[in-house]
Amino acid sequence: MSIVINAKCKLRAAIVAAVALFTAISFGCNAGDVAIVPGTSYVPSEWFDFYAAYRTAGEYPWASPDLELTLDEFPETVFKWTPMTMNVTATDGSGSQTLFAEFLPVWNVILADLNGDGLPELCATVSAGFGVIYDRVIVYDYAGGNTYQFEGWDYYDYALSLYEGRLVVTQYYHRASDVRAEGELAIIDGALVAVGIDRTGPDSDFDSKAREAFEARDKGVAPAAPPGLLDESDALTQPPTPTPTPTPTPIMS
């Protein structure tokens, strides 16, 4: 069974468990595009989450013990996260595989059924990039052996969290604490989508100025960001002007 959800609505949702083997999600929506989100009886749950400590305080979970997970849906598999690799492996009778090989580190994993097959996907917040690092969402469908990411690229960070039994994706301005939008994940027609979030890029004067500020900062230039966008820890300062070396006065003989 499926639920029709307005893809441009502001996230205001409550999950209601239904005996008909699906979860109903109720949104207060405005007119706009719609997306068909697969229904499921699977209740999302958190395996681990180090992302908040990383984003707010820059903390890395080096001191964490190895974390292992077994699921009733995959009884022959042991999932493992280690602080040494900060990645997730899955080991069964046929061997071991790394689930998020191309993206390090993996900050959190939340289990949720995004495609309606009744089995959980491993939904993770990761950091990725070369030179400029962005926070991204990766979903691994262990049952199907498929990896999903948002199509294309934009100027925002994305992170997952579990809120009142609901898997929430938050869109942040890049490297800032300001939240731009919130939504929910789904796999629709083989693509990962963020229902309720506009990913088309800057759509206002404020967003355009934000993008210019972050691009400037990424290039090492002090940004003139809109008020409240950048944390104090993110703000760059121009390098100090070097003090000129005084010219020695010649000694008269």
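Things worth noting here:
- Extreme residue, farthest from ASP113 (Cα to Cα), among residues of region 128-154 that are aromatic (Phe, Trp, Tyr) and in a loop (DSSP other than H, G, I, E, B): PHE130
- The condition of being part of a strand (DSSP E or B) and either in the same structural domain as ALA53 (by TED's automatic domain parsing) or not hydrophobic (A, V, I, L, M, F, W, C) (or both) holds for only one of SER161, SER177, that being SER161.
- Filter pass, SER177 being touching a helix residue (DSSP H, G or I) at 6+ places or on another chain (Cβ under 9 Å) and under 22 Å from ALA112 (Cα atoms): no
- Odd one out for ASN115 among (1) out of contact with any Phe, Trp or Tyr (no Cβ under 7 Å at 6 or more places or on another chain); (2) under 21 Å from TYR156 (Cβ atoms): (2)
- Condition met for ASN108 (of a type outside the set (Gly, Ala, Ser), surrounded by 14 or more Cβ atoms within 10 Å (Cβ to Cβ) and in contact with a helix residue (DSSP H, G or I) (Cβ under 8 Å, 6 or more places away or on another chain)): yes
- Screening region 113-133 for residues that are surrounded by 15 or more Cβ atoms within 10 Å (Cβ to Cβ) and more than 18 Å from VAL168 (Cα to Cα) and picking the one that is nearest to the chain's Cα centre (by Cα) gives ALA128.
- Residue within region 162-184 that is surrounded by 19 or more Cβ atoms within 10 Å (Cβ to Cβ), within 18 Å of TRP81 (Cα to Cα) and hydrophobic (A, V, I, L, M, F, W, C) present: no
- Given (1) in a loop (DSSP other than H, G, I, E, B); (2) surrounded by 14 or more Cβ atoms within 10 Å (Cβ to Cβ); (3) among the aliphatic types (A, V, I, L, M), number of the condition VAL88 does not satisfy: (1)
- For ILE110, the criteria (1) in contact with a Pro (Cβ under 7 Å, 6 or more places away or on another chain); (2) farther than 14 Å from TRP47 by Cβ; (3) of a type outside the set (S, T, N, Q) hold in every case but one, which is (2).
- Filter result for the condition that a residue is at pLDDT 90 or above, surrounded by 14 or more Cβ atoms within 10 Å (Cβ to Cβ) and farther than 19 Å from PRO44 by Cα, over ASP198, ASP157, ASP207: ASP157
The values are calculated or read from the model by the stated rules, or taken from the named source; none is laboratory data. Source: prediction; values computed, not measured. When we count neighbours, we look across all protein chains shown, and the Cβ atoms used for this are built from the backbone with ideal geometry, even at glycine.
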